[in-house]
Amino acid sequence: MTLFEREPRLVPYFGYRNTHGLRIEARALRNREPRWDHSAKWRKIRALLDHFASREEPRLPVTLVVRSPDGITARHEGVTNDEGFVVFDIALDHWPMPPTTRWETVELHWATRDGPQQAEGFVLAPGTDTDRAIISDIDDTIIETGVTGGLRSVLRNWNRLLAQMPDERTAVPGVDMFYGALAGGGEEGAHTGEAGEELRATRHPFFYVSSSPWNLFSYLVTFMKTRGLPVGPIHLRDWGFNRETLGSSSHGTHKVDAIDRILAFYPEKRILMIGDDTQGDLVAFSHVAAHNPGRVAAIFIRMAGDTHSPEEQEAKQRIADAGVPLWTGSAYDGGQAFLKEIGLAHDGEAERIVAAAEREKESADI
């Protein structure tokens, strides 16, 4: 480390817990904390490129401090890996879940040349008043990318991908009201941490699963907040320039693994999965439905690309065989309408969601 090199900072990602365990991940980086309020195009490009060109800090000792609902403090030790990540997957001694979903806080401690450092982490604790959770994709499900045709499409959309701040990005039409209805309401006030960050918990907890890199965590959270979308734990990927990361099949594998982890963590919850047809969500979701009988209440696929491939047709049949209703559409306007009609914000009967989704699909096919 040189004299003028930046000291490592720790970026906590959103965690989640149940009565028996808590999982939270963080990353140690030497680049500056990102700003998403630039107006000049060159500053926007520089901010995004700097954010992607992360400088990880390996082998950094990190301490996690958690406090139980009855005030007992426990400390857990970890060390960052070669990519700067540290994962805490700790056991809890039958911590009760809150009656309504809420965010809780933990502390992360580390040391630099400047002395002891501390950051606050947020952990989602789903409430006991709901038996449902929502798992959503991100790209072309909540945020428009325009990337549905490979490298040429990426080049056509370079400005959108590399020179737009979160508040300039285009949300998928109708996603704010659709997700707001799915959320089922929330706490009267937002949870404010010691650093002043506010997070509002929704009645039905949201989890996001995406093939985007971890470098975009702050960018995506800012986008969600500016659009009034439910905020929840986000499962992203550690990108590398290899076949495992860049291959098309890896998108689905990553998502299936992440969804299976959430299902195992919350065995009492049924899930609704929302994705699009640009990165294999239909196929991935079909495998989740087939391998987890009775756990999937409904699947929603936004049509953003071409017609379904033979593999996707097989996936649709797999979903039907699993008895899971499938809704497809190019926008969420229909979904928004039926969610309002059935009052999803205030009831817990998945069958009514399913029936409304099927009615909407049938009317769209006529």
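Values in this text are rule-based calculations from the coordinates and carry no lab data. Everything quoted here is computed from the prediction, not taken from an experiment. For neighbour counting, all protein chains shown are included, and Cβ atoms are generated from backbone atoms with ideal geometry for every residue, glycine included.
Would you work out the charge dipole size for segment 1-78 about its Cα centre, treating the Cβ of every Lys and Arg as +1 and the Cβ of every Asp and Glu as -1, and quote it to the nearest 20 debye? It would help to have the intermediate numbers written out before the result.
Numbers: 16 positive and 10 negative charges, 70 e Å.
It comes to approximately 340 debye.
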Give me a comma-separated list of calculated 3J(HN,Hα) values for segment 25-35, in order, Karplus coefficients 6.51, -1.76, 1.60 applied at θ = phi - 60°, integers in Hz, x for any Gly or Pro.
10, 8, 9, 9, 10, 9, 7, 6, 5, x, 10
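Placing +1 at every Lys and Arg Cβ and -1 at every Asp and Glu Cβ, with all other atoms neutral, what dipole size does segment 35-91 have around its Cα centre, in debye to the nearest 20?
It works out to roughly 500 debye.
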Chain lengthening between Asp37 and Thr170 when straightened (0.36 nm per residue, less Cα-Cα):
46.3 nm
Karplus 3J(HN,Hα) series, Hz, for segment 80-95 with 6.51 cos²θ - 1.76 cosθ + 1.60 (x for Gly, Pro):
5, 8, 5, 9, x, 8, 10, 10, 10, 10, 10, 8, 10, 9, 6, 5
Here the gain from full extension of Arg261 to Gln317, 0.36 nm per residue of separation minus their alpha-carbon distance, amounts to 17.7 nm
Can you check what the net charge comes to around Asn81, using other residues whose Cβ is under 10 Å from the Cβ of Asn81 (Lys, Arg +1; Asp, Glu -1)?
-2
In order through segment 272-282: 3J(HN,Hα) via Karplus (6.51 cos²θ - 1.76 cosθ + 1.60), integer Hz, x for Gly, Pro:
10, 10, 10, x, 9, 9, 9, 9, x, 5, 4
Mind giving me the FRET efficiency for Val65 and Glu268? R0 is 35 Å, r the Cβ-Cβ distance, nearest 0.05 is fine.
0.80
Cut-off under 5 Å, modelled amide H: who pairs with Gly305 long-range:
Asp277
Distance from the Cα centre of segment 41-92 to that of segment 250-316, in angstrom?
29
Multiply the residue gap between Thr73 and Ala331 by 0.36 nm, knock off their C-alpha separation, and tell me the result in nm, one decimal place.
88.2 nm
Averaging sequence separations of C-alpha pairs under 8 Å and six or more residues apart, then dividing by the length of segment 1-104, give the relative contact order as a whole percent.
30
Value of relative contact order over segment 278-335, rounded to a whole percent, pairs C-alpha under 8 Å and six or more apart:
45
